[in-house]
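Here's the structure we're looking at; comments come further down.
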Amino acid sequence: MTDDLTETAPWQGLRAFTHARLALGRAGVSLPTREVLKFAQAHAAAQDAVWTPADFGPLLEAWPDALELRSRAEGRAEYLRRPDLGRRLHPDSAAVLEPLAASAPDVLIVVGDGLSAAALRHAPALLCELLPLLDGLSVRLLLVHQCRVALADEAGELLGAGVSLILLGERPGLSSFDSLGAYLTFAPRVGRLDSERNCVSNIRPGGLELPEAARRTASLLRASLRRGLSGVELKGESAELLE
Amino acid sequence: MFQTRLGHIAYTFADLRELLGRASARKSGDELAGLAARSAGEREAARSLLADVPLQTLLDQPLIPYETDEITRLIVDGHDAHAFAPISSLTVGELRDWLLSSAPEQLAGVRGGLTPEMVSAVCKLMRSQDLMLVASRCEVVTRFRNTLGLRGHFSTRLQPNHPTDDPRGVLASCLDGLMFGAGDAVIGLNPALDSVDSCTGLLHLLDDLRQTLDIPTQTCVLTHVTNTLQAIDGGAPVDLVFQSIAGTQRANRGFGIDLALLDEAHAAALSLNRGSLGHNVMYFETGQGSALSADAHHGVDQQTCEVRAYAVARRYAPLLVNTVVGFIGPEYLYDGKQIIRAGLEDHCAGKLMGLPMGVDVCYTNHAEADQDDMDVLLTLLAASGVNFVMGVPGADDIMLNYQSTSFHDAWYVRELLHRPPAPEFAAWLERVGLTARGELSLPGAGTPLREALKQLGAGA
C-alpha cells in the first residue's frame, strides 16, 4: 500500500494526545485502504470476543475447587436477546449449589464470560493478585457460562455469601476487546439494584493494570464488609480509600 | 377488542396498546417485552386492523393513563385542535395516504394536531421509502449561532470524546474534526467524569476554542441537566443545555428528570442569551428501548414510547434532537436491518412532530451490524434530509466504546448528494481555507487553524 494516491494529514502529532483514530489521511474524501482494513480487523476482533465460547480451563486448572456452571440462556444468540435469562442460574446449576446452601462464604467470586470471552484470559492473573489480598476471608469460586452481572445475586443468595464479586468480560470496543469489569454487591440476593453495586472497570493490561485493579477491588470489598453495604453510599468512602 | 381473519386464521387483540405492539416492525426489544407479533401473519393482521383505526380514537384513548403520567397530560393538554382539523376525520391508513400526497406546508400545518400515538401508528404502515419521502418534505430549521436544517444542507456534530477527558486529547480530536470541516451542528463532548467542576473546565475549553478560531457554531458538554444548571450558576459558558429524555414519566424519573426540571433548565439557558441568530437552546437525545430498559414502558411498544419522547422535546423548541439509534444494544435492536428500520422511523416521526432531527447512525460490537449497514442507513437518512449526524474520529468512539459515523462519512454524503453544511459555517470553512469552492482543502501554513495545531504540538 503506497501513499502515492492518498493525502496524509500533516497533523500526525495529535496522536500523541489520544488513541482516537486521528489524522487518518484520505483517498479523495474517503478513508485510505490501510485504514479501512485496520478498522475491519479491530471490529473482527471485537466480534470474535463476543461470539467465541468461554474457556474456563486455565481457571479450573489453577483452582480445581471452582465449580463450572451456566445461566438459563442457551447459547450466545439467546444470551444477547434475553438479558433476563443471563441473570438467572440454570436449574441444573442451581442444583449443583444446593448442597452448599448456607455454606456462607465471606466472599463469593463469580467469573463469567459476559460480553467478551477474550477478557477471561486476564482472569487467572487477576485472581492471583486479588486472592492474597483477601487473606483471612473464606472464598468460594464459581465459573459461569452466558453470565450477566446480576447472576451473582442469585448464586450469592443461595450460598448465603457476605459479599459477591463478579468478574466478567465487558462489552468490547474497537480499541479494547478484552477488558474485565468487576462488580461488588453486599448481601447479594435476587432483585438487587445496580445502584447497590460498586464497579471497577476497564481491567486489562494497558487499561487499569491488574495489580492496581486487584488493590482497588480488595479495598472496596473490605470496606463493604466493614460497613455492611455497597453501592452509592460506599462510593464516597471508596474514592478516599483509593486515593 | 380488535378482531380479524387472514385466510382461515382468526386474530384477536385486546386493546390499542396490544394492537400497536403487534403491528410494529420486528424488533428484539418488543419481543423481549412480549409485545411483538408472534408470527408474520399476526403482524399483518394487526397492521390491517390498525389501518382502520380513526385518529380520533387514538386521541380519545390514551395508552398510558392521564392521571398517572405527565407525558400523557402534556400530549393531551397540548393538542392543537385547529391544526388537527384537516385530518380529524381520517383513519391511520388514510393518514398514510394523506401524508404521501400532501405538500410540505400542509405537513407543517398539522404538526400540532399530530400526537405521538398517531405518528407511531402511521409509521407502522409505512415502508422505508414512505418514511424517507415524508421526512424529506418536512423542513425543520433551528438557529443559535448558525442556521441548521435548511433543505439541501447536512450538518455534523463534532464528538471529540476521550476516556479520561484529557484536555489535550479532547482538543486533538476537535482539531482533527475541524480540519475535516465537522462541527456545524455543535461541538459536543460526552464527558467521562460526572462532576460539575470537571464539566465546567471542559465548557471553558470548548468555548475558548470556538472563540479563538471564531467558529460560527455552538458547544456543549453532554452532562446531566442538574450539572449544567450548577455550571450556569457558576458562570460557565453554556450554549446548549443537554439532556437524555424518554417517553414516559417513569422512564424520565430513571433519568433523574421531570418536566419541571426541564422547564427550569430551559429558562436558565434562555436567560444567558448567548445565541446570535436564534434562541433554540436545548439539545436532547433519545433512542428506542430506553423506556423498556428502565422497566417503564407500561406495555407500550418501543417506537411509540420513542415518539412520546418527541412530545417532551417539542415543548422546548430544541436546536438539536438526536436519536442514538444503535447504541442501546441487540436486546432492543438486534441487527443492521432493525437498526436501519428504527433510524428511518425515528427520523420521520421526529420530523412530522416538527423536530430538528439528527441521527447517531451507530452500532455496538455485540449487535449483528457493521460498517456496510451504517453506510446504508447514513445514505438513506441523508437522502431523506436528516438535519445532522455525528462526526467521530475514524468512526470509533474510544470513550463510549461504540461505532458511529466519521468525518470522512460526512464528506462521502457531501460528494454523493451535494449537501453543504450550514451556510454560516460553510462560509467560515471557505474563509479559513478548509474548503475551496466547497472542496475539502488544507489551510496554508500560518493560518489560525495551522497555528492552533502547532500550539497543541501537532507539528503541523
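Given contacts defined as C-alpha pairs under 8 Å and at least six residues apart, what's the relative contact order of chain B, whole-number percent?
19
Mind computing the radius of gyration and Dmax over the alpha-carbon atoms of the protein assembly as shown? Å is fine for both.
Just the Cα atoms of the protein assembly as shown yield Rg and Dmax of 26.0, 77 Å.
Around residue B:147, which amide H atoms from residues at least 5 apart in sequence, or from another chain, sit under 5 Å from its own amide H, with H modelled in the peptide plane?
Close amide H contacts, sequence-distant or interchain: B:424, B:425.
How about the range A:42-113: which GluC sites (Glu not before Pro) there are in a DSSP loop, with at most 13 other Cβ atoms within 10 Å of their Cβ?
A:74
Sort A:183, B:402 from largest to smallest accessible area, using a 1.4 Å probe on the heavy atoms of the protein chains.
Of A:183, B:402, the descending order of accessible area is A:183, B:402.
Return an integer: the convex hull volume of the alpha-carbon atoms of chain A, in Å³ per residue.
Spelled out: Cα convex hull of chain A, divided by residues, is 149 Å³.
Could you report the buried accessible area between A and B, both sides summed, computed with a 1.4 Å probe and given in Å² to the nearest 100?
The A and B chains share an interface burying roughly 3500 Å².
Hey, what do the phi angles of the range A:89-104 turn into as Karplus ³J(HN,Hα) couplings, whole Hz, using 6.51/-1.76/1.60 and θ = phi - 60°, x for Gly and Pro?
Coupling constants for the range A:89-104: 5, 4, x, 4, 6, 4, 5, 5, 7, 3, x, 9, 3, 6, 6, 6 Hz.
Compute the length gained on full extension between residue A:27 and residue A:40: take 0.36 nm times their separation in residues and subtract their Cα-Cα distance, giving the result in nm to one decimal.
Extending this stretch completely gives an extra 3.0 nm.
Pop out a list of residues from the range A:22-48 that are at least 20 Å² less accessible with all the protein chains around than in their chain alone; 1.4 Å probe, no ligands or nucleic acids counted.
So the qualifying set is A:22, A:24, A:26, A:29, A:31, A:39, A:43, A:47.
Counting only heavy atoms of the protein chains, get the accessible area per residue of chain B (1.4 Å probe) and round it to a whole Å² value.
33
Could you give the accessible area per residue of chain A, probe 1.4 Å, as a whole number in Å²?
44
Under the rule of -39500 (n - 2.57) per DSSP H run of 4 or more residues, summed and divided by the residues of the protein assembly as shown, what mean residue ellipticity at 222 nm is obtained, to the nearest 500 deg cm²/dmol?
Per the formula, -12500 deg cm²/dmol.
Which trypsin sites (Lys or Arg not before Pro) in the range B:373-460 pass both tests, a DSSP loop state and at most 12 other beta-carbon atoms within 10 Å?
B:437
Would you please give the FRET efficiency between residue A:74 and residue A:104, computed as 1/(1 + (r/R0)^6) with r the Cβ-Cβ distance and R0 = 45 Å, to the nearest 0.05?
Efficiency for this residue pair is about 0.90.
If you place +1 on the Cβ of every Lys and Arg and -1 on the Cβ of every Asp and Glu, how big does the dipole about the Cα centre of the range B:184-312 come out, in debye to the nearest 20?
The dipole magnitude comes to about 200 debye.
For residue B:197 and residue B:85 in the same chain, what is the full-extension length gain: residue separation times 0.36 nm, less their Cα-Cα distance, in nm?
35.3 nm
With +1 on each Lys and Arg Cβ and -1 on each Asp and Glu Cβ, and nothing else charged, work out how big the dipole of the protein assembly as shown is about its Cα centre, in Debye to the nearest 20.
Result for the protein assembly as shown is approximately 740 debye, rounded to the nearest 20.
When the solvent-accessible surface of protein heavy atoms is calculated with a 1.4 angstrom probe, in what order do A:139, B:392 fall, highest first?
A:139, B:392
Please name the residues of the range A:65-102 whose accessible area, counted over protein heavy atoms with a 1.4 angstrom probe, falls by no less than 40 Å² between the chain alone and the full protein assembly.
Relative to the lone chain, where solvent access is computed with a 1.4 Å probe, the range A:65-102 loses at least 40 Å² at A:80, A:81.
With all protein chains present, how much of the accessible area of the protein assembly as shown (probe radius 1.4 Å) comes from carbon and sulfur, to the nearest whole percent?
51
For the range B:142-440, how big is the tail of P(r) above 25 Å, as a whole percent of Cα pairs?
The proportion of pairs with Cα distances above 25 Å equals 43 percent.
Could you state how much accessible area residue B:298 has, in square angstrom rounded to the nearest 10, with a 1.4 Å probe and all protein chains kept in place?
Approximately 50 Å² of residue B:298 is accessible to the 1.4 Å probe.
Taking θ = phi - 60°, what integer Hz values does the Karplus form 6.51 cos²θ - 1.76 cosθ + 1.60 yield along the range A:156-169, in sequence order, with x for Gly and Pro?
The phi angles translate into x, 5, 4, 8, x, 6, x, 8, 10, 10, 10, 10, 8, x Hz.
In whole Hz, what ³J(HN,Hα) sequence does the range B:299-311 give by Karplus (6.51, -1.76, 1.60; θ = phi - 60°), x for Gly and Pro?
Listing the rounded values in order: x, 9, 4, 6, 5, 5, 4, 4, 5, 5, 5, 5, 5 Hz.
With +1 on the Cβ of every Lys and Arg and -1 on the Cβ of every Asp and Glu, and nothing else charged, how large is the dipole of the range A:51-241 about its Cα centre, in debye rounded to the nearest 20?
Dipole about the Cα centre, nearest 20: 400 debye.
The values are calculated or read from the model by the stated rules, or taken from the named source; none is laboratory data. These figures come from a predicted structure and were not determined experimentally. Cβ atoms come from the backbone with ideal geometry, glycine included; neighbour counts cover every protein chain shown. These area figures cover heavy atoms from the full protein model, side chains too; ligands, DNA and RNA do not enter into them. Shrake-Rupley method; radii C 1.70, N 1.55, O 1.52, S 1.80 Å.
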